[in-house]
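Working notes, beginning with the structure itself.
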Amino acid sequence: MSAHAVAAAEFVANGSRAAWHDQALWFIRAKRDNQARSLPEWEHLRELASQVKLHTMSNLAGLLEQFDENARRLGARVHWARDAAEHNAIIHGLLAERSVRRVVKSKSMLTEECGLNPYLERHGIEVTDTDLGEWIVQLRDEAPSHIVLPAIHIKKEEVGALFHDRLGTAAGATDPKYLAEAARQRLRQKFLAAEAGITGVNFAIAETGGFVVCTNEGNADLGTSLPPLHIAAMGIEKIIPRAADLGVFLRLLGRSATGQPITAYSSHFHGPRPGGELHIVLVDNGRSSLLGSEDFRRSLNCIRCGACLNTCPVFRRSGGHSYGVTVAGPIGSIINPARDAAEHGSLPYACSLCGSCSDVCPVKIDLHNQLLTWRREIVARGLLAPAKRTMMRAASFVLRRSWLYRAAGAAARTALRISPRWLVYSRLNLWGRQRELPEPPAKSFRAWYDEHQEGR
Amino acid sequence: MRIGLFIPCYVDQFYPRVGAATLRLLERFAPRLATQPWQSVEIVYPREQTCCGQPMANAGCVEEAKPVAERFLAAFRACDYVVGPSGSCVAMVRKHYHGLIADEAARAQLEAKTFELCEFLVDVAQVDEIAGNFAHRVGLHQSCHGLRELDLGRGSERMLPAFNKVRQLVAGLDGIELTDLDRPDECCGFGGTFAVFEEAVSCMMGRDRVADHRRHGAEVLASADMSCLMHLGGLIRRDGEPLRVMHVAELLCEAMGLRIDVD
């Protein structure tokens, strides 16, 4: 079994938790439906967003240069990082030059992807994630389980216990308001003490050289208003051509992500604040190789709203950690194998191919088809588990010979009918662990047809 | 005119009644395709067919799927239509034969003439509403591939006018009461080999589907896709749930009084 299947089975084994996780995410999917329904132009917006992104990806190099030039003109300094290591080194270099010891970060999946926190901590720099959910998982010393709702797998009782332990809140407290207030007070101290603020980037505008960060807690504003140094890390796919395109994406993002008409804060940054410094790190880390791939290019359209995770019946029931990657769920199962197919090659199989992700995606990525294409790629690269490949070879051998198919079918049905139950439902029968097999009929359709239909 | 009966491998082996019901419905409604009094509409069952190749293709095993897909093409070459009682298998032929069939033109032809049973009845045979009697509370389970790949209905994710071809066929039956669902079109968790290799998640998905139907008082769980029903039915029997599982073709035959003489 794949690592995902094992981890997912463990998650499912705690039935009430898995059901609760499923319900929590379905609730958000339902909120998204309501919000999407409230816009008669929803499908038009999706089409528009998809077109803008396809245009962007076709002109990515030029748009990035334009952004670089305009951002510099506004007084920002732009850095280019080929991979995670360069990204981490650039940011550490900036912090070290200024002897920064304490950093606040607003949620950025890119810095998660690059492993920035442990890297900086190894160099003696304290990093505090200031998004509440992200901070909770940081306190628990684990990774986010969802790209938008990083702590969705944790119950409020567990947050109460964690805060009691780490912040000294009242034992047994579960009131979200009380717990959030305690977090707010502690984070405020972190904001005040920070010497640098790191943010992600939701949208970078080539035409202006500015960028937008979306948060619901205003932590990007707080984290960049007090310290003199602001470092923004962005994947190169975050670029959009014009300021006029922004409205399309902001309208889709909040609604798709959490079922809000728009995120509470859409903070615009155009150059450094007076007296401050702004550095923008443009990160490739495998993105340009995705751009070069006809099959998977569209995955770069992703605006990280997480709607595909919320709608995915597998993600909802197996939890984000079961995927073992920073970006989990349908989109993660496309971009992670692109980074390391040998390690993440089983993820495209952690999917029932229901297609809900493709239809929910606000930028129209054909996710389930890309997952299917990945499976072909995994086999082509010889990375499919040998047992599975052998099984498919045998099936193909039988199914391309009508006589053998008929004989094998008859033999299987007979075997099922005459074998004792303990033999049929042995440990090896994964289907039969929780389900009955179909009751084998005496005759196949074919045999019935030959007897009853011919000459009718 | 020649209509080729496409009976997917697992239906052939395990659900001959569904195959027979499909045949009876086609015998009943296909004659109306004749545009001239002297035109004959023949329903044939090509014996060379085995499987559409979906298990291999979905595993990514293109080389293993190719000869099976080519066999399918050859089996139905002489037919004007190909009709089968499984949204998923039909979606395989219609949407995923690219790269499996060498002759591009032949593939395009096959795609254009292949239909899922309900889709064929509604779109090709122009059946509006079927007269019959089925006095039960029925929950319709949408097959994902029927819904999102064949457009048999409108998925809840899309913000476009709603329709549902399967529902349309059964809604007019006397006495039938179609129940609603909290999650109208969530996947049942079958997903081919997914049901085996991700067994835990697959079964939880299936149980959640069954519970949604039971919560809304369904007595019969019906679907246009036998593969979903093989999975859901397996859970229902293991758990002793008082739900009857029926393919829509069987339901329609029973409602119309068409005999399916399979023992």
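The values are calculated or read from the model by the stated rules, or taken from the named source; none is laboratory data. Everything numeric here is computed off the predicted structure, so don't read it as measured data. Cβ: placed from backbone, ideal geometry, glycine included. Neighbour counts: every protein chain shown. Protein only, heavy atoms only, side chains kept; ligands, DNA and RNA dropped before computing areas. Shrake-Rupley method; radii C 1.70, N 1.55, O 1.52, S 1.80 Å.
Here are the numbers:
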item	result
Theoretical FRET efficiency, 1/(1+(r/R0)^6), r = Cβ-Cβ of A:R421 and B:D263, R0 22 Å, to 0.05	0.45
Projected label distance in nm at B:A74 and A:A412, using a 7 Å step from Cα toward the beta-carbon	2.2
Check: region B:129-263 dipole with +1 on Lys, Arg Cβ and -1 on Asp, Glu Cβ, in debye	140
Segments A:162-171, A:207-216, B:48-57 sorted - mean Cβ within 10 Å per residue, highest first	B:48-57, A:207-216, A:162-171
Additional length obtainable on full extension of the chain from A:L54 to A:L39, 0.36 nm per residue less Cα span	3.1 nm
Region B:106-147 shape via C-alpha gyration tensor axes, a/c threshold 1.5	oblate
Residues A:A161 and A:S288, FRET efficiency given R0 of 35 Å [Cβ-Cβ distance, rounded to 0.05]	0.20
Residue-averaged beta-carbon neighbours from other chains (10 angstrom radius) around A:134-146	0
Net lengthening on full extension, A:A193/A:R297 (0.36 nm per residue, minus Cα-Cα)	33.2 nm
In nm, spacing of pseudo-spin labels at B:D103 and B:D182 (7 Å Cα→C-beta vector)	5.2
Signed unit charges on C-beta, dipole axis of region A:356-456, positive-most listed residue A:S356, A:P386, A:Q434	A:P386
Other protein chain Cβ atoms within 10 Å, averaged over every residue that makes up A:357-366	2
Residue (of B:M92, B:Q126, B:G60) at the positive-pole extreme of chain B, dipole from beta-carbon charges	B:Q126
Check: the protein assembly as shown dipole with +1 on Lys, Arg Cβ and -1 on Asp, Glu Cβ, in debye	700
Shielding score for A:391-404, defined as the mean number of other chain Cβ atoms within 10 Å	6
Value in Å of the Kirkwood radius, where chain A supplies the Cα pairs that are averaged	24.4
Under the Karplus curve 6.51 cos²θ - 1.76 cosθ + 1.60, θ = phi - 60°, whole-Hz ³J(HN,Hα) for region A:84-99, x wherever Gly or Pro sits	4, 4, 5, 4, 5, 5, 4, 5, 4, x, 4, 6, 5, 4, 9, 6
Protein heavy-atom accessible area occluded, B/A pair - total, 1.4 Å probe, Å²	7000
Distance (nanometres) between label positions extended 7 Å along Cα→Cβ at A:R77 and B:H216	6.0
Flagged links, alpha-carbon separation over 30 Å, of A:K31/A:K364; A:K53/A:K388; A:K155/A:K388; A:K364/B:K113; A:K31/A:K105	A:K53/A:K388; A:K155/A:K388
Residue-normalised accessible area of region A:73-210, expressed per residue, 1.4 Å probe, Å²	43
